[in-house]
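> Below is a structure I'd like to ask you about.
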Amino acid sequence: MTQKIPKLLVKRTSIHGQWSSRWAFILAATGSAVGLGNIWRFPYLTGENGGGAFVLIYLFFVLVVGLPIMMAEIMLGRRGRQSPINTMKTLAEEEGLSHYWQLLGWMGVAAGFIILSYYSVIAGWTLAYIFRTGLGMFVDADAELSTRLFSDLIADPEKLLAWHTTFMMMTILVVARGVKSGLEKAVKFLMPALFILLLVMVGYAMSTEKFMQGIEYLFVPDFDAIAEKNFFSDIMLPAMGQAFFSLSLGMGAIMIYGSYLAQRSSIPWTSVSIALADTSVALLAGVAIFPIVFTYGLEPAGGPGLIFVSLPIAFGQMPFGTFFGCLFFILLMFAGWTSAISLLEPAVTWLVENRSMKRIKATAIAGTIAWSLGLVTVLSFNKWAFSFSFAGQEKENGFFDIFDILTANIMLPLGGLLVAIFAAWLMSTRSTMEELGVGDTLIYRGWRFAVKYIAPVGVIIIFLNAIGIV
Ligand code: TRP
């Protein structure tokens, strides 16, 4: 009888190291969460989906689905203390469940490769824009010039390839050195710096003519604007996908970071801080961008180029714009860098654990796979470009859009759904209560209710709706 009772206080340690403090973990996980997703993806999806209604639903998903799943992912990671694949395998064995649960880890690794492959190409754009703004190319530029400069960049596969390669090498470099030496130091001052610069941008946005129009667009839901769209598949699905994408959930990134978290740190508290920081950056980016979009007569539904077209116009107008513009894209590049790292980490840890590879070799191999896949994205903006319609939206960049939709709207929510089911329905209350470390409190019960019912039901309903079953 006794051996059936789950072991109390499982004391595993990670072979890959541990964060030096809870603060280090918060910074690293925030570094993963805050990235191009907040400043590039959030504004352009908001623009494509009519503004305020999308933002409201996005916030709702962050709160009721994202936050509880984030707690669950960190918890599983810390309990397993291995790559997501082996963590799921170990925990499933421990709870007497099928070893097929490791497939969840595999799906995460696959999603990580696909996301990183195109993420690196977009991060490459930020590298190009560091030089473009720094060289003063946008001084007094109008909407037409800025649009043309952007189109020129993405029409040129060789340039995209060069920047994509540079960025992927930077990512490989940091991951190869290990999370602590590389990562911890970088995030500590870059994150606050990015935040402050965004505030500067918001300050500029306030001085533009159409500031209030931008604010209204973001925060006042206009359901008429999305009247022809299917609310579930066209608004809810992308909003849910963005919540997962922005919080780095559903593919094991937060899980692997959780595996380096010290036993005594509070998971609920850290999760709330990460989600709060992530959401504020996204909203600030929106507040900085939309007034500029309206003031200069740009199209909010302009797609993935939105920030690369709109912000440089503002930099071209504002005092010290060349300096601020260059600095902004440097910080954005760093934000993307600290996120890209977390996309590669789950695969690398698995190679180290199961193929007994050195970290350097594992990183080189995983990075090369993601880099190769990135070539498809490079070509999807020019030679291989084709368009299709999705969620009431004309998508013009073929494979890039397919990769993005497949991962953010399908694989990540599916991963999150499985995490929720595993943590709330299959793991014993005893294990989860022990690992979350808040005892049988209101926080624990609220969390359990959210991961047990709200999150799975939410994801399932939206999936079924999106494929037209409900
Ligand atoms: N969250 C990051 C961003 O907003 C991207 C990212 C990093 C990510 N790790 C992830 C997305 C894991 C999904 C899953 O830019």
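> Would it be correct to say that A466 is in contact with a Ser or Thr (Cβ under 6 Å, 6 or more places away or on another chain), more than 21 Å from P84 (Cα to Cα) and of a type in the set (A, V, I, L, M, F, W, C)? First the steps, then the outcome.
On the way: in contact with a Ser or Thr (Cβ under 6 Å, 6 or more places away or on another chain): yes; more than 21 Å from P84 (Cα to Cα): yes; of a type in the set (A, V, I, L, M, F, W, C): yes.
Answer is yes for this residue.
> Now, a different point. Could you look through the range 13-53, keep only residues that are more than 29 Å from L351 (Cβ to Cβ) and not in a helix (DSSP H, G or I), and pick out the one that is nearest to the ligand (Cβ to nearest atom)?
Checked the range 13-53; the qualifying residue nearest to the ligand (Cβ to nearest atom) is N49.
> Also: Looking at (1) outside any helix (DSSP H, G or I); (2) exposed (fewer than 15 other Cβ atoms within 10 Å of the Cβ); (3) among the aromatic types (F, W, Y), can you tell me which one F189 breaks?
Of the numbered conditions (1) outside any helix (DSSP H, G or I); (2) exposed (fewer than 15 other Cβ atoms within 10 Å of the Cβ); (3) among the aromatic types (F, W, Y), the odd one out for F189 is (1).
> Check the range 338-348 and report whether any residue there is touching a helix residue (DSSP H, G or I) at 6+ places or on another chain (Cβ under 9 Å) and surrounded by fewer than 19 Cβ atoms within 10 Å (Cβ to Cβ). Break it down into steps so the answer makes sense when it comes.
Residues of the range 338-348 touching a helix residue (DSSP H, G or I) at 6+ places or on another chain (Cβ under 9 Å): 338-348.
Now narrow it down to the ones that are surrounded by fewer than 19 Cβ atoms within 10 Å (Cβ to Cβ): none.
No, every residue in the range 338-348 fails to be touching a helix residue (DSSP H, G or I) at 6+ places or on another chain (Cβ under 9 Å) and surrounded by fewer than 19 Cβ atoms within 10 Å (Cβ to Cβ).
> Please go through (1) crowded, with 24+ Cβ neighbours inside 10 Å; (2) under 19 Å from L36 (Cβ atoms); (3) not aliphatic (A, V, I, L, M) for S280 and return the number of the only condition it doesn't satisfy.
S280 satisfies all of (1) crowded, with 24+ Cβ neighbours inside 10 Å; (2) under 19 Å from L36 (Cβ atoms); (3) not aliphatic (A, V, I, L, M) except (1).
> Name every residue in the range 287-303 that is closer than 28 Å to N382 by Cα and buried (at least 24 other Cβ atoms within 10 Å of the Cβ), in order of residue number.
I289, F290, I292, V293 - these are the residues of the range 287-303 that are closer than 28 Å to N382 by Cα and buried (at least 24 other Cβ atoms within 10 Å of the Cβ).
> Would you mention how many residues in the range 330-373 are of a type in the set (S, T, N, Q) and under 27 Å from F195 (Cβ atoms)? Full working, then the answer.
If we filter the range 330-373 for residues that are of a type in the set (S, T, N, Q), which is where we start, we get 338-339, 342, 349, 354, 356, 363, 368, 372.
Checking the rest, the ones that are also under 27 Å from F195 (Cβ atoms) come to 338-339, 342.
Selection size over the range 330-373: 3.
> Being surrounded by fewer than 24 Cβ atoms within 10 Å (Cβ to Cβ), within 16 Å of the chain's Cα centre (by Cα), away from the ligand (no atom under 16 Å from the Cβ) and farther than 29 Å from M168 by Cβ narrows it down to one residue among L56, L63; which is it?
Every option except L63 fails the conditions.
> Right, next: Quick check on my filter: what residues within the range 331-377 are of a type in the set (S, T, N, Q) and within 12 Å of the ligand (Cβ to nearest atom)?
First pass over the range 331-377, keeping only residues of a type in the set (S, T, N, Q): 338-339, 342, 349, 354, 356, 363, 368, 372, 377.
Matches in the range 331-377: T338, S339, S342.
> Same structure, new question: Consider A227 against the criteria (1) at pLDDT 85 or above; (2) surrounded by fewer than 15 Cβ atoms within 10 Å (Cβ to Cβ); (3) among the small types (G, A, S): it satisfies all of them except one. Which criterion is unmet?
Here A227 meets the rest and fails (1).
> Look at the range 386-419 and say how many of its residues are among the aliphatic types (A, V, I, L, M) and closer than 17 Å to Q102 by Cβ. Walk me through how you get there before you give the answer.
Of the residues in the range 386-419, the ones among the aliphatic types (A, V, I, L, M) are 391, 402, 405-406, 408, 410-412, 414, 417-419.
Cutting the leftovers down to closer than 17 Å to Q102 by Cβ gives us 411, 414, 417-419.
The qualifying residues number 5.
> Just to be sure before I move on: is F324 assigned to a helix (DSSP H, G or I), within 16 Å of the ligand (Cβ to nearest atom) and touching a residue at least 12 places away in the same chain (Cβ under 8 Å) in the structure I sent?
no
> Would you point out the residue of the range 233-250, among those that are at pLDDT below 95 and either touching a Gly at 6+ places or on another chain (Cβ under 6 Å) or small (G, A, S) (or both), that is surrounded by the most Cβ atoms within 10 Å (Cβ to Cβ)?
Only one residue tops the list, namely D234.
> Here's something else I'd like to know. Looking at the range 114-146, which of the residues that are under 30 Å from L344 (Cβ atoms) and β-branched (V, I, T) is farthest from the ligand (Cβ to nearest atom)? Steps first, please.
First, pick out the residues of the range 114-146 that are under 30 Å from L344 (Cβ atoms): 114-134.
Still in the list and also β-branched (V, I, T): 114-115, 121-122, 126, 130, 133.
Values: I114: 10, I115: 5, V121: 13, I122: 9, T126: 11, I130: 18, T133: 20 Å.
Taking the candidates together, the pick is T133.
> Shifting gears a bit: I'd like the full set of residues that are among the hydroxyl-bearing types (S, T, Y) and modelled with pLDDT of 85 or more, limited to the range 177-204.
Pass one, the range 177-204, residues among the hydroxyl-bearing types (S, T, Y): 181, 204.
Residue satisfying the conditions is Y204 alone.
> Further, regarding this structure: Taking the condition closer than 17 Å to S342 by Cβ, modelled with pLDDT of 90 or more and either buried (at least 20 other Cβ atoms within 10 Å of the Cβ) or not acidic (D, E) (or both), does G96 pass?
Numbers: closer than 17 Å to S342 by Cβ: no; modelled with pLDDT of 90 or more: yes; either buried (at least 20 other Cβ atoms within 10 Å of the Cβ) or not acidic (D, E) (or both): yes.
The answer is no for G96.
> If you don't mind, another one. Considering only helices (runs of 4 or more DSSP H) fully contained in the range 367-470, which possess at least 2 residues that are on the phi < 0 side of the Ramachandran plot and of a type in the set (K, R)?
Numbers: elements: 398-404, 412-420, 429-436, 442-449, 455-466.
In the range 367-470, 442-449 are the helices (runs of 4 or more DSSP H) which contain 2 or more residues that are on the phi < 0 side of the Ramachandran plot and of a type in the set (K, R).
> If you don't mind, there's one more thing I want to ask. Mind checking which residues of the range 252-296 are over 30 Å from G50 (Cα atoms), more than 14 Å from the ligand (Cβ to nearest atom) and not in a helix (DSSP H, G or I)?
Within the range 252-296, S259, Y260, L261, A262, Q263, R264, S265, S266 qualify.
> Quick one: in the range 73-100, which of the residues that are among the polar types (S, T, N, Q) and part of a helix (DSSP H, G or I) is farthest from F403 (Cα to Cα)? First the steps, then the outcome.
Here is the first cut: in the range 73-100, the residues among the polar types (S, T, N, Q) are 82-83, 86-87, 90, 98.
After this cut, where a residue has to be part of a helix (DSSP H, G or I) as well, the list is 86-87, 90.
Details: N86: 26, T87: 26, T90: 30 Å.
Result: T90.
Conditions tested, residue by residue: (1) at pLDDT 95 or above; (2) out of contact with any Leu (no Cβ under 8 Å at 6 or more places or on another chain).
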site: P291; (1), (2): yes, yes
site: A301; (1), (2): no, yes
site: L331; (1), (2): no, no
site: W337; (1), (2): no, yes
site: I341; (1), (2): no, no
site: R359; (1), (2): no, yes
site: V378; (1), (2): yes, no
site: W384; (1), (2): yes, yes
site: G392; (1), (2): no, yes
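The values are calculated or read from the model by the stated rules, or taken from the named source; none is laboratory data. All figures in this text were calculated on a predicted structure; none of them were measured in a lab. Cβ coordinates were reconstructed from backbone atoms using ideal geometry, including for glycine residues, and neighbour counts include every protein chain displayed.
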